[in-house]
Amino acid sequence: MRVLHLGMRATQQTALTVRMSAADAAAVLRVGRDDKFTPVALVGATATVTLSAGDYVITLDQTERLSSSTPVTVSTDVDVLYMSAGLPVNGVRPLIVGPGRQAINDDPKDPWPPPPPPSGITAEAVFLSSLPITSTMKALLDAYVGKGSDDDSKGAMIHALLIGIDAYTPGPGAGGAIYRPLRGCVRDILEVEKFLRHDVGIPAERITRLIAPATAGGEQPSSPELVPTYDNIVAAWKRVMATAKRGDIVYIHYSGHGGRSTTLFPGFKANGLDESLAPCDINERSTGRYLRDVEVAVLLKQMEERGLLTTLVLDSCHSGSATRGDEAQARRGDTEDRLPRSGESLDNSAVASQSELEAMAKRLESIARTDETWRIDPGSAATSLTTVIAACRAHESCYEYAVDGQTRMGVLTHFWLDTLRQRGAALTYRTAYRQVFARVQGVFKNQAPLLLGAANRHVLGTSTLAQPASIAILEVQGDQVMVAAGASGLLQVGTRLAVIPGTFLPELADIPEMTQIEVTAVEAATSRARVVPGTGKGQPITLSSQAVIVTYAPTMRREVRWAPSKAEAPPLSRAELAAKTSVENEIASDTTNAIGLATTDSAHYQLAIDDAKFVILDPMGSPLPYLRPEIGVDTPDAPRIVKARLVHLARFDNVRGLTNTDPNSPLAGKLGLTLHAAEGGKAAEAVLPNHPTLGTNSELFLTIRNRSTRPLSLAIFDLACDWSIEYVNQNAPLTVDSGQYIDIKLTTYLPEGYEHGTDILKVIGTLEQADFEWLTLRALDQPYAAKRATRSAKKPLEQLMALMHEPSRATRHAAMAASPTFGWSEAQVSFEVKR
């Protein structure tokens, strides 16, 4: 049980002292900073630790609530800013800040000790807006006094719209009945409703349910307007939208058929098709109509404009030509619906006017796309407020089957609910999706769910948690574990990972105390690992766990040596010699094995001390550009900063050097990249020369071609001149079909203070759906919080798929590709930007 939470910012070194009752001396005190959370020993009922300047989270855990005999006192010997939770205001407990030297928790039932009284709004505003630990504190607030609790009952409300369709009217004759009846969609919705009512605590009046059962028995719509026709679905969606107030949470779950139909937007849809949801009367060709992708995008845009936090779960396919089975049935039409429908037109849409729909269609078609996903309106605000979970990719099937041998449900809905029932403080949409993905893939290999939009928001919550970049667990069998990274993600045999339980907040995980696994076999997009004996404290590894790399394989290490002394250079001073020795000790003690001291004259990096400053050079002795700020030998903690910088550079260079060099791979050379000038908002036919020079804010296009015989899932990275690596489409999955291509619009930029720089665009194509977030890196010259706050304004790839994400702190080392090589390909292009 967590009995104390407290945030703290120290602007100078301070002694932190925690005192409590002797009856509480068995509690576990931890102090967290960045990604490390360290236990602090108690002597009797007191703990004292010296902290350098920085931001910290202090927690206390024990099996019982705090004793009431003696308050817990947290004190420092200099003024700091304390961060805690305030008294409820309209049922909501806000984060509050106060400066001083002491915070006292005198309420054994409340884990949030009040900070000293605030001295002014300015200090609080600066604190709340700049600290990386703010997201952690908000996560704790959500977890312990959050949604569904009495403390928050008057805060953000949750509203739900649930749509389940088993019964599809037969329709007229041949070619009319494209959509056959289903058997698990209504059960999906009834189970979702049960979860929302009993597990989340949403009252019945805030849940709208539209169902079409295939049989007369059991649950039925209570009134005609609750039958899921097109008009009723749109009307119910708009009623829920109108009822919810700004800041409320809206959950929409659709279980039924999806399909493709002749587009209503021929001027904007190059393939002539709309992805659509199929209402229950869709087989009635004269009266039934689809809820089309553009209409869904408009509805989501309207919700974003109202400030609603929206979750849309689509347990359906969204293309035609399904292969139908009896035991496992696909939720899509028997064929694409290419016949005209007399009753469907843009001027009679129930969603919006013709001009508004066409404007949305134009916006959606102006961004990079394949027929891959349901798309969110390309506005940056929408992507932070809207999350979409789609059941499968366009070329795949979404299945329903008897999940327990008897009860028939959609496989996505079944595992989604099972995951949510186990939700805890760390369950964001990202962590929930990872678990669902692994479990769905365990049953149907050709169904890969998709996550789009806001991934780091807590499920059915309002706060976000910027979690460390990690690797998902796909399978656990005894001490054998499968992880979602392989040769294409630069894992190698011998890599060690720490496994963080799904119930932990990753920021608060004590990494050295976690169970470790070591990679024993590598595939293209997955790896096998075994549990390292003697690690961890018995925490079970489950599909909700996540892994972070703690030790790289020996072949991935980059070596460092001192540059030869120049004859004309003066000898190093005593302080410089001492600093040199300290740096060597830091490098030698690097437990991650990312870097090491060279034993020969050959090395990836050279180090020098010039004018009392550390300089990093390339193998030929030329200084590396844009290493900011300068590190003097007298800079506080200089040796550690130099080592961290070298590790950062090693990771960047290894990602840059990632290549599948196997000439026998069927994907070798099958991924083509070219750059094109922009002409009339489209890619020009002519290809730009290699490494072109462009001005800032110039528009161009990246064309990605798939020359292989299989669809390829794409991961697109920007390796920028500020030594950052951004996984551009992390929350916007892309697949390009065999023989096809996509054009992605780019806008060049330079970070502040840069006169020129090189950007490298790297694309990894895999046969399997894969994730590569552990390859990301923040900019080398900016603290994480500041970079996160400004990154969207400087993004070189312009809102690809209209979805944005926050670069993560944790990063993953890369190296030359390992075997097997048959499941992935890679290509890259670069360009120079000048002011």
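The values are calculated or read from the model by the stated rules, or taken from the named source; none is laboratory data. Note that the structure is predicted; figures quoted are calculated from it, not measured. Every residue, glycine as well, gets a Cβ built from its backbone with ideal geometry; the counts of neighbours run over all protein chains shown. The area values use the complete protein model at the heavy-atom level, side chains included, leaving out ligands, DNA and RNA. Shrake-Rupley method; radii C 1.70, N 1.55, O 1.52, S 1.80 Å.
Taken over segment 24-59, the criterion of being over 23 Å from VAL550 (Cα atoms), in a loop (DSSP other than H, G, I, E, B) and not hydroxyl-bearing (Ser, Thr, Tyr) is satisfied by ALA25, ALA26, ALA27, ALA41, LEU42, GLY44, ALA45, ALA53. Looking only at segment 581-611, residues that are among the hydroxyl-bearing types (Ser, Thr, Tyr) and assigned to a strand (DSSP E or B) come to 1 in all. Against the definition (farther than 22 Å from THR428 by Cβ and either open to solvent by 10 Å² or more (accessible area, probe 1.4 Å) or not aliphatic (A, V, I, L, M) (or both)), how does ALA521 come out, yes or no? Yes: the conditions hold for ALA521. Of all residues in segment 247-290, exactly one satisfies the criterion of being polar (S, T, N, Q), over 19 Å from VAL234 (Cβ atoms) and in a strand (DSSP E or B), namely THR262. Return a yes/no flag: does segment 164-175 have any residue that is assigned to a loop (DSSP other than H, G, I, E, B), surrounded by fewer than 21 Cβ atoms within 10 Å (Cβ to Cβ) and in contact with a helix residue (DSSP H, G or I) (Cβ under 8 Å, 6 or more places away or on another chain). There is no residue in segment 164-175 that is assigned to a loop (DSSP other than H, G, I, E, B), surrounded by fewer than 21 Cβ atoms within 10 Å (Cβ to Cβ) and in contact with a helix residue (DSSP H, G or I) (Cβ under 8 Å, 6 or more places away or on another chain). Residues in segment 647-685 that are aliphatic (A, V, I, L, M), in a helix (DSSP H, G or I) and open to solvent by 10 Å² or more (accessible area, probe 1.4 Å): VAL647 only.
Being in contact (Cβ under 8 Å) with a residue 60 or more places away in the chain and buried (at least 16 other Cβ atoms within 10 Å of the Cβ) is the filter here; which residues of segment 62-87 pass it? Result: GLN62, LEU66, VAL72, VAL74, THR76, VAL80, LEU81, TYR82, MET83, SER84, ALA85. When the test is whether a residue is over 26 Å from ASP653 (Cα atoms) and open to solvent by 10 Å² or more (accessible area, probe 1.4 Å), THR555 does not pass it. Could you grab me the full set of residues in segment 390-404 that are surrounded by fewer than 20 Cβ atoms within 10 Å (Cβ to Cβ) and under 15 Å from VAL186 (Cα atoms)? Those that are surrounded by fewer than 20 Cβ atoms within 10 Å (Cβ to Cβ) and under 15 Å from VAL186 (Cα atoms): ALA402, VAL403. The requirement of being assigned to a loop (DSSP other than H, G, I, E, B) and of a type in the set (A, V, I, L, M, F, W, C) is not satisfied by ALA644. I want to confirm something. Restricting to segment 2-46 and keeping residues that are polar (S, T, N, Q) and farther than 25 Å from PHE504 by Cα, which single residue is most open to solvent (accessible area, probe 1.4 Å)? So the residue we want is GLN13. Listed conditions (1) more than 28 Å from the chain's Cα centre (by Cα); (2) aliphatic (A, V, I, L, M); (3) open to solvent by less than 10 Å² (accessible area, probe 1.4 Å) are all met by LEU694, apart from (3). Within segment 193-205, the set of residues being closer than 22 Å to HIS414 by Cβ and part of a helix (DSSP H, G or I) comprises GLU193, LYS194, PHE195, LEU196, ARG197, HIS198, ASP199, VAL200.
Restricting segment 612-631 to residues that are open to solvent by 30 Å² or more (accessible area, probe 1.4 Å) and either aromatic (Phe, Trp, Tyr) or not in a loop (DSSP other than H, G, I, E, B) (or both), the residue that is farthest from CYS721 (Cα to Cα) is LYS613. Residues of segment 430-452 include none that is of a type in the set (D, E, K, R), open to solvent by less than 10 Å² (accessible area, probe 1.4 Å) and touching a residue at least 40 places away in the same chain (Cβ under 8 Å). Note on segment 572-611: among residues that are among the β-branched types (Val, Ile, Thr) and over 27 Å from ARG496 (Cα atoms), the one that is least open to solvent (accessible area, probe 1.4 Å) is ILE609. Note on segment 206-215: residues that are more than 33 Å from the chain's Cα centre (by Cα) and not in a loop (DSSP other than H, G, I, E, B) amount to 1. The single condition among (1) closer than 27 Å to TRP774 by Cα; (2) in contact with a Phe, Trp or Tyr (Cβ under 9 Å, 6 or more places away or on another chain); (3) not β-branched (Val, Ile, Thr) that ARG651 does not satisfy is (2).
In the condition set (1) within 35 Å of the chain's Cα centre (by Cα); (2) modelled with pLDDT of 90 or more; (3) not in a loop (DSSP other than H, G, I, E, B), ILE541 is compliant with all but (3).
Evaluation of TRP416 against the conditions (1) open to solvent by less than 10 Å² (accessible area, probe 1.4 Å); (2) not in a helix (DSSP H, G or I) shows that the sole unmet condition is (2). The residues listed here are SER319, SER345, SER353, SER380; of these, the one that is modelled with pLDDT under 75, out of contact with any helix residue (DSSP H, G or I) (no Cβ under 6 Å at 6 or more places or on another chain), open to solvent by 10 Å² or more (accessible area, probe 1.4 Å) and hydroxyl-bearing (Ser, Thr, Tyr) is SER380. Apart from one condition, GLN480 fits all of (1) modelled with pLDDT of 90 or more; (2) within 21 Å of TRP774 (Cα to Cα); the exception is (2).
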